[in-house]
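Bear in mind that the values in this text are calculations on the coordinates, not laboratory data. The model shown is predicted, which means the values in this text are computed figures rather than measured ones. Here Cβ is always computed from backbone atoms with ideal geometry, including for glycine, and neighbour counts include all displayed protein chains.
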Amino acid sequence: MMVLRLASRNLMRNKKRTILTATALALGISVLIFAMSLLDGMDLQSFENFIAYDMAHVKGLPPGRQDEDFPGLDFRIDNASDFISQIENRPGVLAVAPRLEMNGMLYLRTEETFIRVMGIDPVKDSQVFKTLDAVVDGEPITNGEDAILIGFYLARDLGIEVGDIITVMVRSAPGALNPRQLTVKGIMACGHPDVDQFEAYVPLSVAYQMALLYDSATEIDILLEHESMCEPFRDSLASEFQSIEWHTWRELAADFLSISKAKRVAWLIMISIFAIMAAVGIANTMMMSVHERTREIGTLRAFGFSKSTVRSIFLLEGAILGLLASFAGMIIGSAFTLYLSVEGISLKAYEGMDIGVPLSDALYPALLPNTLLLSLLFGILMAVAASWGSATRASKGEIIKALREGML
Amino acid sequence: MDNHVVVRIQNIEKSYNQGKVKALRGVDLDVQPEAFLTLAGPSGSGKSTLLNLIGALDIPDSGYIEVDQQTLFSFRPGAAPVTMAEEDRTALRREKIGFIFQQFNLVPVLTARENVELPLEILSSFSKKDRRERSREMLHLVGLDGLEDRRPSQLSGGQQQRVAIARALAKKPAIVLADEPTANLDGDTGQSIIELMKKMRDELGTAFVISTHDPRVIEHSEIKIRLIDGRIET
Amino acid sequence: MNMIHLAARNVLRQPKRTVYTTIAIVVAVAAMTFMDAYIRGFIESYFETFIRLDAGHVKLMPSTSVERSRPTPLDQGIQHLNEVVRIAESTEGITDVSPRIRFPVLLEKETGVIPAMGIAFIPSREENLMNLQSFIIEGRMPTDSTDEIMLGNRLAEELGLGVGDELFMLASDSYGGLGPGLYQVVGIVNTGIGMLDRRQFYVPLSAAQFQLAMDDMALEVVCKVASGLNGSFEAKERLRNSLASAGFTNVSAVPWQEQGFVYQSVQPVNFVRGLLMFLLGILAATTVINTILMSVIERTREIGALRAMGFTRGTVIKLILTEAFLIGLVATIIGVVIGMSVALFLAQTGIDYTKMASGMDNFDLPFRLVIYPDPNVMTAVKSAFFGLLIALGAAWYPARVAVRLQPVEALRHN
């Protein structure tokens, strides 16, 4: 009790110094909170986009396709509907859809650009993915029609409007370049930059004609009831359908996840630099605090305060300083983070740049309770560790010298 | 009870700087209960060293010293040396010894009452209520009623030293050691402080050992010891 | 005894503490100096790469292309190219001029197609611009007016082609037809920037003009300015004037800062730099406040005596600030020297992040992974200002404390 009172009153006594010392740590803590929330938000949003527009929960791929940078139609699953009908009625499966992907060029007047043409079954695909819900202009495509859906940025950059007739050229499965005219029926904006910039969707029937194939797919996408079912489901498919490579979305996003981890490490390194700087400040203040109170320490020891009690006075002082700083940091960091998690951080400036996240428009940081707890612990531990040396010195000094000369 | 002394010192020697400076050269001294004893002598005569040894803040090179019937140190020819462990000396100070300093040494962030309660905090025998009662009683005894909640900076030098006396006596120690208690005070205040210490001795029966140059303090003392060159002048 | 003399004596009275304070400022100033040089180095190399491989200092492009983020359609290119190049070359301050065509093409490989990007240029004009000859890992640059091609190393791998092989491609021409081109591979280049090495190939302009039906046309003309990075806006004005006076009103000059996202994307870096500076400042200030406050409190009696002797509050404040200034000055000089030395040393050797990034093969960074710090005079000046500001700013509080102590109280206090 007395120890607590001594510690807190001494901090109060030098308010300005306490505030200054705490500021550095508070700032470090708020940066920690913001950075962690930013990364968490980035991950959460990215995962959503991955699942909703790109990977579903579990994806079946033809063997070898994943290793190619620009795979052709040689890598394909034939008789896709057989597989789909065997999978779609299993327990836990919400929906299954085939997709046929081809690299090609899009031409409108003298404009041209690369695109990824995706043949989809509109009914099935809309049960697995949210792509067709993202149509912002015109209408989604339906089965059998000679129509195409293109990404928002693609449309904007090339000046394509709903109703325009465009030419799409792909290489068919036998190997010839195969141009085809299609009417733009809708424009979609998913917030997944790859989709909005490079992709176009046509009904599967049209894709078959372009590829000169029937009932083939370059991927089979499966949406499950729960994300947690991904791995066991993948395992059961892998043992049953060995001609296809089955992957959970996490495996497909492995590159992204490892980059995300690397980013976390990079941030942690930067934050630990902050922390070391803040710790040096605290260590310095504690050193001064011990120095100023040498006589007081001598007196306490003369009165029979044990070494460990004296040490705990200073450690507690450091801990309270850490607690104050952490709270301040938590408030600043959370306020800033929460504000941005509502407002969003605009990514418009990075349009067209590969920033390593499947996000466009805006990024919303996600403040998780764990982050707050972690940063509180981190701040207090940091402060106590920084006080350790001074506290130990305070407890070890010679009492007589402390009393006589005011020096340890 | 005839051999019950608070402090017994026999043939104590103490030197510093690897023996170059001999602070005490064979001192014998018994302090009886309720003694009011002054140690006088020029600076460097060994007053402070002797006080530190009695206060279990330091250990001698040779001789024998006990405080409140506990042997602090014993090194005599023909017997095994005994040195009290540091934790035990800390405990001894905690329970049996009170200190009063030249510079008062009150904790500046604590009020007068909290300063008096401070040494009681580390004694398990005192509950919070006991501490409160004892501090009120002590501050009343030293004549500081109404000033309990002031910080040291809000008190005069004399008042601060009164708080220090109350603090030293709060746990009712066997002995109080005062190091130049009046040196930082003006004449009249010093006078009143020495009278207060004597009054406290009378009421509580605590032995006082006071190192001092102050002739008025020596005048009040009952046992006047004078140290010269590390020896007691006879 | 003058103020500086007195202050210097006080500073030397507690050498240990002075050294301690000095170290705090030295560390902050040195860190600040190095950081500034490092960030400058990083940003400059990022800008330099962008300017070299794409933007030039100023790029001439059809006015209709200025707002586009994708390549200009071939039929909307710059007409009367030779005339435009001649005008640009004769504009004051322009050292190099090179016309380029960027054209998308599907290159066929065994199992599919690769969306690739052709860069057509006049190789002899690119020596000081793209400077690709320094990055060739096999073979040589294509020569002017031939049907030679150089491939990015990853693209060559993907296509399974090497020096000596032939490459056939069909690219849509400026009339919307398909233009055939047959090229001979003479070089493989590794720029160190993944997204270029995977997708780009390089051919002589004359061959591309023929293949794409773009006689005397190009999509862009890249200009290099003698005065460097910051001369771009001035050069832009001059280029615009000379083009306009020759009647080329449909050609725009765009400085590199206004092309793409590169210039804006370094703003977060500046924010982090500011934050780090602030923290360094607080840290050093804490130490300075602590040590000076301690020395002031220890000297309470002495300051009281000075005040009793008739020193004014102002004089006492000046004394304390002078002490801080002296420490700050010495510390700043040492800090700047250390920071600059480290930066200058690493500016020679470079800091190599290639190994660290090797796990992120598919993550395309638009800059190279070796950073050379780039310290300059401003770096030193800024840091010196920073160091003195910390010393004086932080001493202000202890100085106020010193004068608040009343003479009598100060004399009584010990």
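Using a Gaussian network model on chain A with a 10 Å cutoff between Cα atoms, which of A:Leu340, A:Leu177, A:Leu213 fluctuates the most?
So, out of A:Leu340, A:Leu177, A:Leu213, the one fluctuating most is A:Leu177.
What are the principal axis extents of the Cα atoms in the stretch B:6-78, in Å, biggest first?
36, 35, 18
Which lysines, if any, have their Cα less than 30 Å from the Cα of B:Lys22, not counting same-chain residues under 8 positions apart?
Filter leaves A:Lys307, A:Lys396, A:Lys401, B:Lys14, B:Lys47, B:Lys96, B:Lys224.
For the stretch B:29-164, what is one quarter of the convex hull surface built on the Cα atoms, given in nm²?
On the way: hull surface 41.4 nm².
Mean shadow area of the hull around the Cα atoms is 10.3 nm².
What is the dipole size for the stretch A:175-292, taken about its Cα centre, with +1 at each Lys and Arg Cβ and -1 at each Asp and Glu Cβ, in debye to the nearest 20?
Working: 7 positive and 15 negative charges, 97 e Å.
Dipole size: approximately 460 debye.
Around A:Ser243, with a cut-off of 13 angstrom between Cβ atoms, what is the net charge of the other residues, counting Lys and Arg +1 and Asp and Glu -1? Kindly include the intermediate steps, with their values, before the conclusion.
Working: positive: A:Arg65, A:Arg76; negative: A:Asp78, A:Asp82, A:Glu240, A:Glu245.
With Lys, Arg at +1 and Asp, Glu at -1, the neighbours total -2.
Looking at the stretch C:93-180, which trypsin sites (Lys or Arg not before Pro) are DSSP coil and have at most 14 other C-beta atoms within 10 Å of their C-beta? Numbers along the way, then the final one.
Details: sites: C:Arg100, C:Arg102, C:Lys109, C:Arg125, C:Arg140, C:Arg154; in loops: C:Arg140.
Within the stretch C:93-180, the qualifying trypsin sites (Lys or Arg not before Pro) (loop, at most 14 other Cβ atoms within 10 Å) are C:Arg140.
What does the stretch C:1-113 give for Rg and for Dmax, in Å, if only its C-alpha atoms count?
When restricted to Cα atoms, the stretch C:1-113 yields Rg and Dmax of 28.9, 90 Å.
What value does the protein assembly as shown have for Rg/Rh, both radii from Cα atoms and Rh as Kirkwood defines it? Mind dumping the intermediate values first?
Details: Rg = 41.8 Å, Rh = 35.9 Å.
Ratio of gyration radius to Kirkwood radius for the protein assembly as shown: 1.16.
Determine the equivalent ellipsoid of the stretch B:81-222 by diagonalising the alpha-carbon gyration tensor, then write out the semi-axes as square roots of 5 times the eigenvalues, largest first, rounded to whole Å. Provide the component values of the computation, followed by the final result.
Numbers: eigenvalues 101, 84, 36 Å².
Listed largest to smallest, the semi-axes of the stretch B:81-222 are 23, 20, 14 Å.
Could you state the per residue volume, in Å³, of the convex hull enclosing the Cα atoms of chain A?
Details: hull volume 68.7 nm³, N = 408.
With only Cα atoms used, chain A gives 168 Å³ per residue.
Give the longest segment of chain B that steers clear of GluC sites (Glu not before Pro) in DSSP loops with at most 15 neighbouring Cβ atoms within 10 Å, not counting the sites themselves.
Values: sites that count: B:Glu34, B:Glu222, B:Glu233.
Maximal segment without exposed cleavage sites: B:35-221.
Which order do B:Lys22, B:Lys14 fall in if you start with the one that has the fewest other Cβ atoms within 10 Å? Present the calculation step by step, with values, prior to reporting the outcome.
Values: B:Lys22 17, B:Lys14 22.
Fewest-to-most ranking of B:Lys22, B:Lys14: B:Lys22, B:Lys14.
So how long is each side of the stretch A:112-247 along the principal axes, counting just the alpha-carbon atoms, biggest first, in Å?
46, 35, 24
If I model the stretch C:206-349 as equal point scatterers sitting on the Cα atoms and use the Debye formula, what is log10 I(q)/I(0) at q = 0.14, 0.22 Å⁻¹?
Those come out to -0.95, -1.34, one per q.
Using the Cα atoms of chain C, I'd like the radius of gyration and the largest Cα-Cα distance, Dmax, both in angstrom.
30.9, 100
By how many nm would the segment from C:Leu178 to C:Val266 grow when fully extended, if each residue of separation counts as 0.36 nm and the alpha-carbon distance is taken off? Intermediate values should be presented prior to the final figure.
Values: separation 88, 0.36 × 88 = 31.68 nm, distance 4.06 nm.
Computed gain between C:Leu178 and C:Val266 is 27.6 nm.
Could you compute the net charge surrounding A:Ile51? Neighbours are other residues with a C-beta less than 12 Å from the C-beta of A:Ile51; K and R count +1, D and E count -1.
On the way: positive: A:Lys59, A:Lys130, A:Arg250; negative: A:Glu48, A:Asp54, A:Asp221, A:Glu227.
Overall, the nearby charge balance is -1.
Counting alpha carbon pairs within less than 8 Å and at least 6 residues apart, what relative contact order, in whole percent, applies to chain A?
Details: 751 pairs, mean separation 109.7, N = 408.
Here the relative contact order equals 27 percent.
Wrap a convex hull around the Cα atoms of the stretch A:61-167, take a quarter of its surface area, and give that in square nanometres.
Details: hull surface 32.8 nm².
Mean projected area of the Cα convex hull: 8.2 nm².
To one decimal place, what Kirkwood hydrodynamic radius in Å is obtained for the stretch C:53-200 from all pairs of distinct Cα atoms? Before the final figure, lay out each step's value.
Working: mean 1/r = 0.0607 Å⁻¹.
Computed over Cα pairs of the stretch C:53-200, the Kirkwood hydrodynamic radius comes out at 16.5 Å.
Roughly how many nanometres apart are two label points built 7 Å out from the Cα toward the Cβ at B:Asp30 and B:Glu222?
In this crude spin-label approximation the distance works out to 1.5 nm.
When 1/r is averaged over all different Cα pairs and the result inverted, which Kirkwood radius in Å belongs to the stretch A:1-106?
Working: mean 1/r = 0.0500 Å⁻¹.
After inverting the mean inverse Cα-Cα distance, the result is 20.0 Å.
Rounded to the nearest 500 deg cm²/dmol, what is the calculated helix-only ellipticity per residue at 222 nm for chain A, with -39500 (n - 2.57) per DSSP H run of length n ≥ 4?
Values: 14 runs with 219 residues, N = 408.
Value at 222 nm, helices only: -17500 deg cm²/dmol.
What is the sum of charges around C:Pro375, taking Lys and Arg as +1, Asp and Glu as -1, for the other residues whose C-beta is under 9 Å from the C-beta of C:Pro375? Don't skip to the answer; put the middle values down first.
Details: positive: C:Arg40; negative: C:Asp36, C:Asp374.
Within the 9 Å Cβ shell, the charges total -1.
If you rank C:Cys223, A:Cys230 by fewest surrounding Cβ atoms within 10 Å, what's the result? Write down the numbers at each step before the final one.
Working: C:Cys223 27, A:Cys230 20.
Ascending Cβ contact count within 10 Å gives the list A:Cys230, C:Cys223.
Tell me the volume per residue, in Å³, of the convex hull enclosing the alpha carbons of the stretch C:62-120.
Taking the convex hull of the Cα positions in the stretch C:62-120, it is 114 Å³ per residue.
Along each of the three principal axes of the Cα atoms of the stretch A:176-331, give the extent in whole Å, ordering the values from largest to smallest.
Its Cα atoms span 96, 39, 27 Å along the three principal axes.
Averaged over every viewing direction, what's the projected area of the C-alpha convex hull for the stretch A:218-310? Give it in nm², one decimal, please.
On the way: hull surface 48.9 nm².
The directionally averaged projection comes out at 12.2 nm².
Out of the GluC sites (Glu not before Pro) in the stretch C:27-113, which ones are loop residues according to DSSP with at most 12 other C-beta atoms within 10 Å?
On the way: sites: C:Glu44, C:Glu48, C:Glu67, C:Glu83, C:Glu89, C:Glu92, C:Glu108, C:Glu110; in loops: C:Glu67, C:Glu92, C:Glu110.
In loop regions of the stretch C:27-113 (DSSP not H, G, I, E or B), the sparsely surrounded GluC sites (Glu not before Pro) are C:Glu67, C:Glu92, C:Glu110.
In angstroms, what radius of gyration and Dmax does the stretch C:235-293 have, counting Cα atoms only?
23.2, 72
Give me the distance in nm between label points sitting 7 Å out from Cα along the Cα-to-Cβ direction at A:Ala254 and A:Met270, one decimal.
2.8
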